[in-house]
Amino acid sequence: MDIKHIQFTCRMYWANMKGLLNIVAEGFILLASIASLFVLIYQFGFQQTGETIHSLYLSRIYILLAFFIGITLRYIVRFNEIIQEKLLYLDIGIYFLLLFAVLSSKIFFKDAIAHSLPYLSFLTKPLFVYVLLLLLSTIHLSRQTFTLMQTHIKPSLLFLLSFIFVILIGAGLLMLPNATTRPIHFVDALFTATTSVCVTGLTTVDVATTFTHIGHIIIMILIQIGGIGVMTFTSFFALSFMGHSSFTSKLVLKDMLNEDRIGGLFKVILNILFVTFFIEGVGAYFIYMDIRGTLPGGNTQGDIFFAIFHAVSAFCNAGISTLSGNMCDPVVVHNYNLHVWISLLIIFGGLGFPIVFNYLKLLRHFIVNTFMIAIGQQKHYIHTPRIINIHTYIVVICTLTLIVGGTALYYLFEVNNTLAGLPLKGKLADSLLGAVTPRTAGFTIANMDALRPVTLMMTLILMVIGAAPMSTGGGLKVTTVLVAILTAINVAREKEKVEIRKREISPSTIRRAFATIVLYFLFASLAVWILSYTEEGTPVFTLTFEVVSALSTVGSSLNFSPLLSTPGKLIIISAMLIGRIGVLTFVVSFIREYKKRDYTYPQENILM
């Protein structure tokens, strides 16, 4: 037997061994990840006894050991991939924390680390262990999910399934004994989870009194995940802690994020998360400064949580509040500064991430070029560079028009009604929030039944129009409505091309706009028709308002949501889900893609 044959045999043996070790490693990690979630749920969702506390302690140690074994084996068999991770040093740091946590356990090493290195005693604290388990399970389950993208599942269907999965998990969490002050029906838990993940705001129960502090935390997390996007969170962890990903999975992610390039996906996701948390953080600070010491209870911790919850709810356009009366609750009804901060957060969330990035690019360009001109390295521009693209232009102009026009009309319609008796500052602040919140936010500043019919009709129109694409809002989207209006005007003028700022709108964009509008009203009509049977006796306008609010993920209601029957709740749940992922995306996820063919039929006109 020659040397080459021996080397070949060894390589084959090692390849087979690596495959087996990889399966074992992934098995340990998957089981540990699932077990971590069950332990976390049991720890925070149920009341504990002395026996269960000891059992949970043992479970935590064995799960840590399983993670350690699985990750160690993964390092051995996939070392070349792991060293390519974007956050390699963080991954190694987490691995050593895991190692020290295992060594510090009383079961295996009898506090060896804790006695020799007392400053590492925090490694044995339950809170640290739970945070570590949550982080590990999130990272590795995200990797598994991202691997699923390499299959032939359509991006639109995967997008839909990701929302359904999170909604079901959220509904289960909201059914936990520690999450509610009283037992609730599963349909109500499912409704609340859906309205949180789909950032809608319609509720069948009083969020303030039905859910405990743990329940409010669960709702806030569901809002955050739903607002940014389930796959955005998943992809962040997957791309951060994966050595490489397939071209197929990157294409899927590119379609979900509506990106033109594949190379910068991780940077795009990182920017989305940074911008979200930065704006929410600034918003939470200003909200806290306005409400501190004014809430029932008067403790700092409660005020901080209120500020964070409402900053997240406002930026994600959810419209859910921990107050029974929402923004018209006696505690905050006259806090007009709060109404303004909520309005601004809604506007920023409804603009969409591409708009924010486009203006950040403009700001960077301005600063860099001003500096280069100042030091003599560059001459002044003869022609202004085109940085603000047509999408940004349309969204900003439409948003400003709707905000200014909506505020003026709300003030005009309600000045002698719900705004009567308020100071000028209050009238302006409430008019602003009244114009902004129908565009997919759903915060309540007045009893909806008390609004004039003309105001309700304006609210309905604003709900249909919605916010911007790639934002936390819903509705038809301002770009869709504008393209449809311009196309209709062009048809009346017998002009073929739709042009905005010396740019032609592509025919495919026009087709998508009209398809979205047609499908939106088809779904809305069908839902209203079914509800008119399940909720017999309810005025059609009330049903229409409820359906449009759900399909546009707004959250405004004529006090009708709690009165829905079980079938009615399921219809509204479906409308919220379809509205969040988009009516066109929902249809596309179930229809086989058409393959282009190299022939055409003779044209014939149809009477219109």
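The values are calculated or read from the model by the stated rules, or taken from the named source; none is laboratory data. None of the values given here were measured: they were computed from a predicted structure. Note: ideal-geometry Cβ built from the backbone for every residue, glycine included; neighbour counts use all protein chains shown. Please note that ligands, DNA and RNA were not included when accessible areas were found on the heavy atoms of the full protein model with its side chains. Shrake-Rupley method; radii C 1.70, N 1.55, O 1.52, S 1.80 Å.
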18 Å tail of the calculated P(r), segment 524-608, as % of Cα pairs: 52
Links exceeding 25 Å between C-alpha atoms in this model, out of Lys502/Lys595; Lys361/Lys425; Lys477/Lys497; Lys154/Lys595, come to Lys502/Lys595; Lys361/Lys425
Calculated FRET efficiency for the pair Ile69/Ile3, C-beta based, R₀ 41 Å, to 0.05: 0.70
Compute the distance in nm between two label points, each set 7 Å from the Cα along the Cα-to-Cβ direction, one at Tyr62 and one at Asn271. 4.8
Of the convex hull enclosing the alpha-carbon atoms of segment 341-484, the direction-averaged projected area in nm² is 10.8
Show me 333-341, 508-516, 523-531 ranked by packing, highest mean number of other Cβ atoms within 10 Å first. 333-341, 523-531, 508-516
Hey, what's the Cα Rg ratio for segment 312-356 versus the globular rule of thumb, 2.2 N^0.38 Å? 1.24
For Phe211, residues with placed amide H under 5 Å, excluding near neighbours: Thr181
Whole-number D in µm²/s for segment 444-509 (Stokes-Einstein; Kirkwood sum over Cα pairs; 25 °C, 0.890 mPa s): 173
Quick one: which residues, 5+ away or cross-chain, put their amide H under 5 Å from the amide H of Arg503? H built at 1.01 Å from N. none
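Per residue, what volume in Å³ does the convex hull of the Cα atoms of segment 449-608 enclose? Don't skip to the end; give the middle numbers.
Numbers: hull volume 29.1 nm³, N = 160.
It comes to 182 Å³ per residue, whole-number rounded.
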For segment 474-550, what does the alpha-carbon gyration tensor say about shape, rounded, prolate or oblate, given a ≥ b ≥ c as the root eigenvalues, a/c under 1.5 as rounded, and a/b over b/c as prolate? prolate
What are the GluC sites (Glu not before Pro) within segment 457-546 that DSSP puts in a loop, where the Cβ has at most 14 other Cβ atoms within 10 Å? Glu494, Glu496, Glu536
Excluding ligands and nucleic acids, what accessible area in Å² is computed for His185 using a 1.4 Å probe, to the nearest 10? 110
Quick calc: nm separation of the 7 Å Cα→Cβ label points for Leu400 and Ala374 -> 2.7
Quantify, in whole percent, the carbon and sulfur part of the accessible surface of segment 362-515 (1.4 Å probe; protein heavy atoms only). 64
Evaluate E = 1/(1 + (r/R0)^6) for Leu99 and Ile23, where r is the Cβ-Cβ distance and R0 equals 25 Å; express this FRET efficiency to the nearest 0.05. 0.60
